[in-house]
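Peer 1: Questions regarding the structure given below will be posed in turn.
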Amino acid sequence: MDFDLPDITGKDILKMLDEKTNVIMITSKSEFAAESYDFEQIVDFLVKPIDFARFYKAIQKLRKNESKEQSSVADRLFVKDGNKLVKIVLKEVQYFKSESNYISIVLEGKKVMTLMTMKELAEKIPDYFSRVHRSFIVNLNKIEAIERGNILIGKQEIPVSETYEKDLLEKIKLLN
């Protein structure tokens, strides 16, 4: 965001923004640099003229900051199981199985049922999960073996459909 904007300053906009919004402040007014530390949103401060290397460094800092925020939120999920909300630690999940309008969340030694669609679930879980079948999403870190169109997690054989096989293999390559 530029500090000097028509009709309003970047400082005024910062006061209106949520503290979780990440901002790289750009300005020719270096005197605002010290004051910028008062704003939680500012990840970096660039003084004009900006060279590309410095801009790139600011973008990397912003990305690192955003990935920290995402990983802290994406490590758990609260789901309704009957009359109670149950915390699910996502790293402990072996797989999710669709059962009509419900999803079974299978952890080692535990199973939780919740009313949710696979589409809703897919939007809430991190990238180390992969859809492998219309009825299954698996934790890639829990896969013990893949053979003849099936994944082995613990004693459970989970089918892999042709629709999802390519995506699964690409995600597994990224883990290596």
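Peer 1: When the residues of the range 117-138 are filtered to those that are in contact (Cβ under 8 Å) with a residue 40 or more places away in the chain and either under 19 Å from residue 153 (Cα atoms) or touching a Pro at 6+ places or on another chain (Cβ under 6 Å) (or both), which remaining residue is surrounded by the most Cβ atoms within 10 Å (Cβ to Cβ)?
Peer 2: 138
Peer 1: Looking only at the range 150-171, how many residues end up being loosely packed, with under 14 Cβ neighbours inside 10 Å and small (Gly, Ala, Ser)?
Peer 2: 1
Peer 1: With respect to residue 158, determine if the residue is more than 17 Å from residue 89 (Cα to Cα) and in contact (Cβ under 8 Å) with a residue 60 or more places away in the chain.
Peer 2: yes
Peer 1: Take residue 40 and decide whether it is modelled with pLDDT of 80 or more, assigned by TED's automatic domain parsing to the domain that holds residue 143 and of a type outside the set (A, V, I, L, M, F, W, C).
Peer 2: no
Peer 1: Give the residues of the range 139-149 that are touching a Phe, Trp or Tyr at 6+ places or on another chain (Cβ under 8 Å) and either surrounded by fewer than 16 Cβ atoms within 10 Å (Cβ to Cβ) or farther than 15 Å from residue 128 by Cα (or both), sorted by residue number. Don't jump to the end; show me each part of the working.
Peer 2: Restricting attention to the range 139-149, the residues satisfying the condition of being touching a Phe, Trp or Tyr at 6+ places or on another chain (Cβ under 8 Å) are 139-142.
Listed by number, the list holds a single entry, 141.
Peer 1: Looking only at the range 136-162, filter to residues that are in a helix (DSSP H, G or I) and touching a Lys or Arg at 6+ places or on another chain (Cβ under 8 Å); which one of those is farthest from residue 121 (Cα to Cα)?
Peer 2: Looking at the filtered set, the residue picked out is 141.
Peer 1: Show me the strands (runs of 3 or more DSSP E) entirely contained within the range 1-116 in which 2 or more residues are touching a residue at least 60 places away in the same chain (Cβ under 8 Å).
Peer 2: Passing ranges, in order: 93-99.
The values are calculated or read from the model by the stated rules, or taken from the named source; none is laboratory data. Note that this is a predicted model, so its numbers are computed, not measured. Note: ideal-geometry Cβ built from the backbone for every residue, glycine included; neighbour counts use all protein chains shown.
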